[in-house]
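> Mind looking over this structure? Questions follow.
Just so you know, all these numbers are worked out from the coordinates, no wet-lab data involved. None of these values were measured; they are calculated from a predicted model. Note that we place each Cβ from the backbone using ideal geometry, even for glycine, and neighbour counts take in every protein chain shown.
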Amino acid sequence: MRRSPKDIIDSNRVISRRAMMMGGLQLGVVGILAARLRSLQVRRADEFRMLSDGNSIKIRLLPPARGLILDRAGLVIAGNEANYRVTITREEAGDVPAVLDRLARLIPISQAERDKLLEEIAKRSPSTPIAVRDRLSWEEFSAIAVNAPALPGVATEAGLSRVYPRGSDFAHAMGYVGPVSDYDLSKMTAPDPVLMLPEFQFGKVGIEAKLEETLRGKAGARRVEVNSAGREMRELSRQEGQQGATVQLTIDAALQNYAMARLGEESGAAVAMDIVTGDILAIASSPGFDPNLFVRGISSRDYKALIEHDHRPLTDKTVQGVYPPGSTFKPVTLLAGLDAGVIGPNDHFYCPGHLEVGGRKFHCWRRGGHGSVNAVGSLEHSCDVYYYELAQRVGIDRIGAMAKRLGIGVRHDLPMSAVAEGIAPDRAWKRARYDQEWQVGDSLNASIGQGYVLASPLQLAVMTARVASGRAIEPRLIRAKDGVPVPVPDFPDLGINPRHLAVARGGMDAVMNGKHGTAAGAKIVLDDWRMAGKTGTSQVRNITAAERARGVIRNEQLPWGRRDHALFVCYAPVQAPRIAVSLIIEHGGGGSAVAAPVARDILLFALAGGLPPLAAYPPGQRGKIDEQRKQMRLAPATVAAEPPAGPSRA
């Protein structure tokens, strides 16, 4: 069948369009290939030429700057300082011993350091940089950089290292950082790659460890070009890391410094706490140590001196140390009795100097006794027999429950290492712990803070704050993160009858200001800062009947390790409680003579916001206090502060 002219013309048009489309598509593909070829051969010719000569591109992680830690006023207590180091990478170095020989001509490398370094290099991945030396001088750093062509696989780095400008003041609470160990890595399921960097600093203990992820930040990265000898040729790109968060603590650096200086060389601890907010204002454990030694690599001699010291400077006594609280526990027993209704404020017990139970004599600290004593007088005189009598009526289960209500036998949530729970014993506890039944004698010992009862200085500060406020105050250590304040909780009421709390507070007021108060010698004489407190002396040895018959050996006649612990708790102002302080001096002797004056001074410093006026002290003590201040080693800012004329701490 013949096609019409019109059909032929239409068919030709369709074929022409298709041919044009195919031709255009082919032309586009050829254009793209030509552009790509030009890019590879012209624009990137230098890059591929260098790669063909044996160069390669490496990705290097950049360690982030560690977040700062500040005190409540913004003073730096954990910061960063410039640090120059040199590293070596096995896969780029080739003959590692030969490279180390050449490097040793520029910086000293002992045989021991060399052996340790080779062992570390053998353990790590060939691509992992290993630190050869840290904290190089600028001259050493420059010499290595100038001789880089002869040192394949060797790189110089200018980084940051942790520094603690306040030295031992914050050692226990702050903790310290150190290089990441194999043990650290073994505890992690998916370790952050930045932890593999040479000499990367990682929180080991204390706040540094507990807030590690917050403080660490995020690593950056840089693309570098290295030649076949492992030498860096140029940096292709860089993305800086993200610095860790800045953490502001509730601690007052000046008060912390004063507390440490006031404790001096004693083995002890002090905690100062804001009764309204729960802020820890000072948390001092003595003696301290310099955390900078651990950052820089502590020597065997220095470490041995610390672990063999009989005052245990590496132990944080504020939260890890638990002690029989002695008579500082008596407000707990008193409130348990009042709350249970087994006694009233005006009920009296007679104290002849001892109480005989089951054929055994339980002695009062005052051999001749106190006579007839009521609730307030029991605290003012610290009469043991009153509490022996009360314990038999109230029972250990109620005492234990009240102790936990007031914060003893409870692990408080603070970002510090090994925070102890303490012990607020009851019948079930002894049965579970020792598979034994509770005895009456156990209750008598517990009622005066001896026996199975154990509390940390932190818990005693919480107890004091709760008695003073009537609220379930919880301690807090973090004030803000990256400038964003951490909200202050709305602490609930303890649910203790206010009249009963008033009795306990009245007794603690009488301890300081009563005619027969056991700590009257350590009182504050300014009415605006009137203080309430409770002394405590806890025995660490048994006193036999034979020793009592011939006379109990005085503490100062005993070896240091067998002397009583001295304790004291206090708060002020009595009329509007704001600051609570707890203090222990291990093997210090009597709480009233040894612990009370130190705690009083720390409390005064907190109230005044600096060194308090001498007018706050009893007239007969002012000369001694003035001389004592001259002998104390205080931080310059603390010494320079002018004491206010009256209460100023908000």
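> Angle check, please: helix 596-608 long axis (alpha carbons) against the longest principal axis of the chain (alpha carbons), in degrees 0 to 90, nearest 10.
On a 0 to 90 degree scale, this one is about 60.
> Between the stretch 58-91 and the stretch 261-281, how many Å separate their Cα centres?
30 Å
> Give the peptides 603-609, 205-211 in descending order of average Cβ contacts within 10 Å, highest first. Spell out each step's value before the answer.
Numbers: 603-609: 24.1, 205-211: 22.3.
Ranked by mean Cβ neighbours within 10 Å, highest first: 603-609, 205-211.
> If R₀ is 45 angstrom, what is the calculated FRET efficiency for the pair GLU265 and VAL440, using the beta carbon separation as r and rounding to 0.05? Numbers along the way, then the final one.
Working: r = 42 Å, r/R0 = 0.93.
Taking R0 as 45 Å, the efficiency between GLU265 and VAL440 is 0.60.
> When the chain is fully extended, how far beyond the present Cα-Cα distance does GLU113 get from ALA35, taking 0.36 nm per residue of separation?
Details: separation 78, 0.36 × 78 = 28.08 nm, distance 5.54 nm.
The GLU113-ALA35 span can extend by a further 22.5 nm.
> With only Lys, Arg, Asp and Glu charged, each at its Cβ (+1 for the first two, -1 for the last two), find how big the charge dipole of the stretch 131-171 is about the Cα centre; round to the nearest 20 debye. Intermediate values should be presented prior to the final figure.
Numbers: 4 positive and 5 negative charges, 24 e Å.
Once rounded to the nearest 20, the dipole reads 120 debye.
> Additional query: In terms of Cα to Cα distance under 17 Å, which lysines are near enough to LYS624, apart from those fewer than 8 places away along the same chain?
LYS523
> Quick one: angle between helix 396-405 and the longest Cα principal axis of the chain, in degrees between 0 and 90, rounded to 10, please.
Between the helix axis and the principal axis of the chain, the angle is about 50 degrees.
> With respect to the cross-link table entries LYS123/LYS210; LYS123/LYS304; LYS304/LYS481, which display a Cα-Cα separation exceeding 31 Å?
Numbers: LYS123/LYS210 29 Å; LYS123/LYS304 28 Å; LYS304/LYS481 37 Å.
The pairs that break the limit, which is 31 Å between Cα atoms, are LYS304/LYS481.
> Now, a different point. Which value results for Rg/Rh of the chain when Rg is the Cα radius of gyration and Rh the Kirkwood radius based on the inverse mean 1/r? If you can, show how the numbers build up before the last one.
On the way: Rg = 35.2 Å, Rh = 29.2 Å.
Taking Rh as the inverse mean 1/r over Cα pairs, Rg/Rh reads 1.21.
> With bins 5 Å wide starting at 0, give me the P(r) of the stretch 288-377 over every alpha carbon pair, in whole percents.
3, 10, 12, 13, 13, 7, 6, 8, 8, 7, 7, 5, 1
> Ranked highest first by average number of other Cβ atoms within 10 Å, how do 465-475, 56-66 line up? All intermediate terms of the calculation are to be shown ahead of the outcome.
Numbers: 465-475: 22.8, 56-66: 17.1.
Ranking the peptides 465-475, 56-66 by packing returns 465-475, 56-66.
> Could I ask something else about it? Where nothing but the Cβ of Lys and Arg (+1) and of Asp and Glu (-1) is charged, how large is the charge dipole of the stretch 59-249 around its Cα centre, in debye to the nearest 20? Write out the running numbers ahead of the final one.
Numbers: 25 positive and 26 negative charges, 55 e Å.
Approximately 260 debye in magnitude.
> Given the DSSP H assignment, sum -39500 (n - 2.57) over each helix run of at least 4 residues in the chain and divide by its residue total; what's the result at 222 nm in deg cm²/dmol, nearest 500?
Working: 25 runs with 238 residues, N = 650.
Helices in the chain give a 222 nm mean residue ellipticity of -10500 deg cm²/dmol.
> Please rank MET416, MET508, MET21, fewest neighbouring Cβ atoms within 10 Å first, as an exposure proxy. Intermediate values should be presented prior to the final figure.
Working: MET416 24, MET508 30, MET21 10.
Least to most surrounded, the residues fall as MET21, MET416, MET508.
> When the scattering of the stretch 356-418 is computed by the Debye formula from its Cα atoms alone, each counted once and equally, what is log10 I(q)/I(0) at q = 0.21, 0.26 Å⁻¹?
One equal scatterer on each Cα of the stretch 356-418 leads to -0.94, -1.15.
> Let me understand the stretch 59-249 better: what is its radius of gyration from the alpha carbons, and its Dmax, in angstrom?
17.5, 53
> I'd like to compare 417-424, 265-272: which one has the highest average count of other Cβ atoms within 10 Å, and what's the full order after that?
Values: 417-424: 19.0, 265-272: 25.1.
The peptides rank, most packed first, as 265-272, 417-424.
> For LYS187, go through the aspartates and glutamates and keep the ones whose alpha-carbon is under 12 Å away, minus same-chain ones fewer than eight residues off.
none
> What ratio of Cα Rg to 2.2 N^0.38 Å holds for the stretch 238-280? Spell out each step's value before the answer.
On the way: Rg = 16.5 Å, N = 43, 2.2 N^0.38 = 9.2 Å.
Scaled against compact globular proteins, the figure is 1.80.
> Among ALA150, LEU68, SER125, pick out the residue whose Cα is farthest towards the positive end of the charge dipole of the stretch 59-249, where Lys and Arg carry +1 and Asp and Glu carry -1 on C-beta, about the Cα centre.
LEU68
> Any chance you could check the Cα centroid distance between the stretch 153-214 and the stretch 105-142 for me, in angstrom?
19 Å
> Give the lysines whose C-alpha is closer than 22 Å to that of LYS430, dropping any in the same chain fewer than 8 places away, or say none.
LYS330, LYS404
> Using only Cα atoms and rounding to the nearest 10 degrees, what angle (0 to 90) does helix 622-631 make with the longest principal axis of the chain?
For helix 622-631, the angle is close to 30 degrees.
> GLN631 versus ALA145, label points 7 Å from Cα toward the beta carbon: distance in nm?
Those two pseudo-labels are separated by 5.2 nm.
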